[in-house]
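Comments concern the structure below.
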Amino acid sequence: MTYKYILFSLLSLGSALSVAQTLTFEKKDYKQLDVYDTWEASPFRSKLLKGNFAVVKNHLKQVESDLGLAPNASNKILAVQRSRFGSNTFGVRVDLKEPFELTPQTRYLHVMVHRPYSGRVMVVGLGKRTDRAGQSPSTEQFWALSTGNVGANRWHDVVLPIKGNGGIEIYSLVVVPDCESPHHYTEDKVCYIDNIEVNDNPRPKFVYGFYALNFDKNQRYVQGDRCLQAISLTSASGGEQRINLPSTPYVMYNDMTAQAFCARAGETVTANFAYKGGWMHGYVYLDRENDGRFNVAMKSDHTPEEGSDVMTYSYYGTNESGHNSAGTALTGAARNVLNPPAFTIPADMPPGYYRLRYVVDWNSMDPAGSIGGENSIVRHRGAIADVRLNIHGDFCNVNDANRNGAVLSAQGEDLVKYQTPFGKPFTIRMVPSEGFEYAGILVKYGYNLSGDSIVHDNLQWQIQRFDRALFDENHQFTIPAEYMVGDVEIEGLFIEEGTYVTPSK
């Protein structure tokens with residue numbers, strides 16, 4: 001399953017960079033092509049071998065069903081044969097018609113890649129310093145490597161942060177579509193490249209999978225001095241709800257969506273992070289539309305747009321000064337604050353399960369984690385944890401779904417749109433029809449009970465079985481509070497009289 005980011009417009013780098021920052025290969029918008037290997041003893045460097053590359057007709061225009069569109073519908077693409085005789089940094093060299101400057105400000109290099117196997121992608125920038133007249137324009141000036149694996153057999157918009165000290169002109173880009181050891185390959189396969197762009201947007205044009213991350217889901221901390229240990233949500237209706245994160249080992253991303261916090265629409269809640277480490281900021285996002293992505297629309301004054309999925313944050317602005325989500329100005333040491341202000345669950349949200357994301361990062365509003373060079377979430381050892389949020393009313397709607405008997409309330413009431421307090425134990429009584437007995441019940445609980453159990457990677461409902469051995473002599477059983485959440489459907493397991501077998505212990 002997939003969601004798409006909104007496509008972005010290119011930001012101008014100035015007239016000297018206008019050609020270099022967009023390469024589509026629809027026409028000859030490059031100077032020339034070749035192969036390149038950073039390995040000095042490479043047979044491609046000594047010209048003992050000649051690389052295979054060409055601009056070819058795009059035969060990979062297929063529509064991705066989970067995107068609902070063709071991620072790359074251009075007419076031409078650049079093909080390069082990945083040679084087993086090159087190093088792991090063997091790639092195709094694209095010489096630019098005009099150089100661009102590698103600035104101290106982090107910018108983002110986008111390159112679309114289609115490869116036959118998964119792995120990392122790398123781009124090497126070749127150029128020279130303007131204050132070194134004798135330096136070769138083919139000197140390696142930057143190496144940018146993707147932080148996670150790029151999937152196989154479909155287009156990906158790989159985004160790599162690049163920066164320098166200024167005064168560096170980049171004349172060529174070497175795209176290494178497969179930055180892995182070639183020793184285990186048994187044949188040379190072809191990779192495809194397209195749409196190379198340099199701009200200020202760190203987000204890919206499209207992302208496969210709901211609730212994207214800008215790093216590998218299994219990413220471990222590069223050092224053990226920082227880690228997210230727990231998340232919590234406190235509300236008047238639910239009190240303090242806390243989830244401790246797995247610790248063997250601590251990892252940067254935790255999918256805790258098997259569990260859920262509870263809150264009411266319109267209720268003010270407080271989110272907290274138990275984080276080992278300092279000088280980091282906390283952000284909380286709620287997928288209000290339940291569409292599988294977090295909409296992060298920000299105004300120029302660093303405040304969220306109306307309807308944004310950003311619920312609260314402890315700091316956002318420049319590296320020197322900014323504000324939290326309550327509008328409090330923060331400068332200097334006051335920026336060192338992790339737990340954000342309380343926030344209000346939007347009053348117009350209907351009951352249901354929603355994705356709630358906790359992010360520990362440094363001054364970044366990207367729900368997938370910052371990827372900006374020195375400020376990347378991996379470098380700073382931040383964290384992301386996802387959990388479901390059960391937005392509920394005061395009551396559960398209870399129905400029975402039975403033949404050959406009935407499930408009633410303890411008071412003998414029919415369970416047809418029956419209402420009982422949310423999150424409270426509920427006692428039922430079994431009444432088999434003549435000639436039948438019961439083996440237990442199935443309790444289906446959650447939301448959208450007649451629909452799919454998983455929507456946009458969010459669990460909607462579950463089923464729990466309770467055996468007859470748990471019922472008392474009056475054929476009554478109290479369903480625990482943890483199953484009385486949302487809508488509840490109770491199915492009596494009515495069987496022919498005399499056929500029930502007590503389960504062995």
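The values are calculated or read from the model by the stated rules, or taken from the named source; none is laboratory data. Worth saying up front: this structure is predicted, and the values here are computed from it rather than measured. Cβ sites come from the backbone with ideal geometry, for glycine too, and all protein chains shown count toward neighbours.
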TODO: Spot the failing condition for ILE243; the list is (1) under 29 Å from TYR353 (Cα atoms); (2) modelled with pLDDT of 95 or more; (3) among the aliphatic types (A, V, I, L, M); (4) in contact with a Phe, Trp or Tyr (Cβ under 7 Å, 6 or more places away or on another chain), and only one is missed.
DONE: (4)
Open item on the list: Residues that are buried (at least 18 other Cβ atoms within 10 Å of the Cβ), more than 24 Å from ASN363 (Cα to Cα) and hydroxyl-bearing (Ser, Thr, Tyr): does segment 233-248 have at least one?
Closed with: yes
TODO: Working carefully through the options VAL198, VAL175, find the one that is touching a helix residue (DSSP H, G or I) at 6+ places or on another chain (Cβ under 9 Å) and crowded, with 20+ Cβ neighbours inside 10 Å.
DONE: VAL198
Open item on the list: I need every pair where a residue in segment 317-331 that is at pLDDT below 90 has its Cβ under 7 Å from the Cβ of a residue that is aliphatic (A, V, I, L, M), sequence separation at least 6 or different chains.
Closed with: none
- [ ] Scan segment 417-432 and report the pairs whose first residue is on the phi > 0 side of the Ramachandran plot and surrounded by 13 or more Cβ atoms within 10 Å (Cβ to Cβ) and whose second residue is outside any strand (DSSP E or B) and of a type outside the set (Phe, Trp, Tyr), with Cβ atoms within less than 9 Å and a gap of 6+ or a chain change.
- [x] GLY423/SER237; GLY423/GLY238; GLY423/ALA481; GLY423/GLU482; GLY423/MET484; GLY423/VAL485
Open item on the list: Anything in segment 212-228 that is over 16 Å from ALA144 (Cα atoms), surrounded by 17 or more Cβ atoms within 10 Å (Cβ to Cβ) and out of contact with any Lys or Arg (no Cβ under 6 Å at 6 or more places or on another chain)? List them, or say none.
Closed with: ALA212, LEU213, GLN219, LEU228
Open item on the list: For segment 93-115, check the following and say yes or no: at least one residue is in contact (Cβ under 8 Å) with a residue 40 or more places away in the chain and more than 25 Å from PHE142 (Cβ to Cβ).
Closed with: no
Task: The listed residue being at pLDDT 95 or above and either under 30 Å from GLN241 (Cβ atoms) or acidic (Asp, Glu) (or both), out of ALA383, ALA368 - done: ALA383
Task: Unmet requirement for GLY125, which otherwise passes all of (1) modelled with pLDDT of 90 or more; (2) over 29 Å from ALA368 (Cβ atoms) - done: (2)
Open item on the list: With the requirement that a residue be of a type in the set (A, V, I, L, M, F, W, C) and either under 21 Å from ILE243 (Cβ atoms) or without any contact (Cβ under 8 Å) to a residue 12 or more places away in the chain (or both), what does segment 265-293 give you?
Closed with: VAL269, ALA271, PHE273, ALA274, MET280, VAL284, LEU286
Open item on the list: Here is a list: VAL443, VAL431. Which entry is closer than 15 Å to ASN402 by Cβ, outside the structural domain of ALA260 (by TED's automatic domain parsing), under 39 Å from the mean Cα position of the chain (by Cα) and at pLDDT 95 or above?
Closed with: VAL443
- [ ] Out of the residues in segment 478-504 that are part of a loop (DSSP other than H, G, I, E, B) and among the hydrophobic types (A, V, I, L, M, F, W, C), state the one that is farthest from GLN419 (Cα to Cα).
- [x] VAL501
TODO: Could you check how many residues of segment 380-413 are without any contact (Cβ under 8 Å) to a residue 12 or more places away in the chain and not polar (S, T, N, Q)?
DONE: 1
Open item on the list: Taking the condition of being closer than 28 Å to THR234 by Cβ, in a loop (DSSP other than H, G, I, E, B) and among the acidic types (Asp, Glu), how many residues in segment 382-417 meet it?
Closed with: 1
Open item on the list: Just to check your reading of the model, which residue among ASN75, ASN52 is at pLDDT 90 or above and either more than 21 Å from LEU126 (Cβ to Cβ) or surrounded by fewer than 14 Cβ atoms within 10 Å (Cβ to Cβ) (or both)?
Closed with: ASN75
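Yes or no, residue by residue, for (1) among the hydroxyl-bearing types (Ser, Thr, Tyr); (2) within 18 Å of the chain's Cα centre (by Cα); (3) under 30 Å from ILE454 (Cα atoms); (4) buried (at least 16 other Cβ atoms within 10 Å of the Cβ):
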{"site": "GLY317", "(1), (2), (3), (4)": "no, no, no, yes"}
{"site": "SER321", "(1), (2), (3), (4)": "yes, no, no, no"}
{"site": "GLY327", "(1), (2), (3), (4)": "no, no, no, no"}
{"site": "LEU338", "(1), (2), (3), (4)": "no, no, no, yes"}
{"site": "ASP348", "(1), (2), (3), (4)": "no, no, yes, no"}
{"site": "ARG355", "(1), (2), (3), (4)": "no, yes, yes, yes"}
{"site": "VAL360", "(1), (2), (3), (4)": "no, yes, yes, yes"}
{"site": "PRO367", "(1), (2), (3), (4)": "no, yes, yes, yes"}
{"site": "SER376", "(1), (2), (3), (4)": "yes, yes, no, yes"}
Task: Residue that is buried (at least 17 other Cβ atoms within 10 Å of the Cβ), modelled with pLDDT of 90 or more and under 30 Å from ASN218 (Cβ atoms), where the choices are ARG82, ARG93, ARG120 - done: ARG82
- [ ] Output the qualifying pairs, or none if there are none: Cβ atoms under 6 angstrom, residues six or more apart or on different chains, first residue in segment 143-172 and closer than 15 Å to VAL123 by Cβ, second residue part of a strand (DSSP E or B) and among the acidic types (Asp, Glu).
- [x] SER172/ASP95
Open item on the list: If I filter segment 278-295 down to residues being among the aromatic types (Phe, Trp, Tyr) and surrounded by 16 or more Cβ atoms within 10 Å (Cβ to Cβ), which single residue comes out as nearest to ASN214 (Cα to Cα)?
Closed with: PHE294
Open item on the list: Filter segment 194-230 down to the residues that are in a strand (DSSP E or B), among the hydrophobic types (A, V, I, L, M, F, W, C) and either within 17 Å of the chain's Cα centre (by Cα) or more than 30 Å from ASP29 (Cβ to Cβ) (or both) and list them by number.
Closed with: VAL207, CYS227, LEU228, ALA230
